[in-house]
Amino acid sequence: MPDIVDIAVDAGSFKTLVAAVQAAGLVDTLKSPGPFTVFAPNDDAFAKLPPGTIQTLLQNIPQLARILTYHVVSGKLLKADLAKVDAVISVEGSPIKIDCAHGFEVKNATVLAPDIEADNGVIHVIDTVILMG
């Protein structure tokens, strides 16, 4: 089974996320055994950010890495697991609100495709880049 990075690369709809993960030096981490739960913003989610945001983040690698690790949780948590909790703690260290009462939402993002299983975890595709705070 492919790992989280291979799935993101092969999908073709995560070009911005893959480039950001590469720029932040997180590829090896996300290819490690994990397991990880990744809330993966697709390219359309990154396109919603204000103009210039991505370029600014690519010039501020610590901030980029912090935002990216906010999208990752230790452990393999499927939608059924997440439906039992109100929040999870990201690898970055901040809580991420989970709401499965009416659909499947992660903070201010809607999950478009849940439970994409990988060799080292699971991906939930989201429609918005989530930020701490």
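The values are calculated or read from the model by the stated rules, or taken from the named source; none is laboratory data. Note that this is a predicted model, so its numbers are computed, not measured. When we count neighbours, we look across all protein chains shown, and the Cβ atoms used for this are built from the backbone with ideal geometry, even at glycine. Only protein heavy atoms, including side chains, enter the accessible area calculation; ligands, DNA and RNA are left aside. Shrake-Rupley method; radii C 1.70, N 1.55, O 1.52, S 1.80 Å.
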The chain - accessible surface per residue (Å², probe 1.4 Å): 50
Most to least packed among 5-15, 116-126 [average Cβ atoms within 10 Å]: 116-126, 5-15
Lys76 accessible area, assembled protein chains, probe 1.4 Å, Å²: 80
Scattering curve values for the chain, log₁₀ I(q)/I(0), Debye with Cα scatterers, q = 0.09, 0.16, 0.23 Å⁻¹: -0.22, -0.74, -1.65
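Restricting to Cα pairs below 8 Å that are 6+ residues apart, what does the relative contact order work out to for the chain? Please round to a whole percent.
On the way: 239 pairs, mean separation 41.4, N = 133.
Here the relative contact order equals 31 percent.
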Carbon plus sulfur fraction of accessible area for the chain, probe 1.4 Å, in percent: 57
Net +/- balance of residues flanking Ser94 in space, Cβ distance below 13 Å, scoring K and R +1, D and E -1: +2
In the chain, lysine pairs with alpha-carbon atoms under 23 angstrom apart (chain gap of 8 or more, or interchain): 15
For the chain, calculated [θ]222 nm from helices alone, where every DSSP H run of n ≥ 4 adds -39500 (n - 2.57): -8500 deg cm²/dmol
Charge context of Leu82, other residues only, Cβ under 15 angstrom, K/R +1, D/E -1: -1
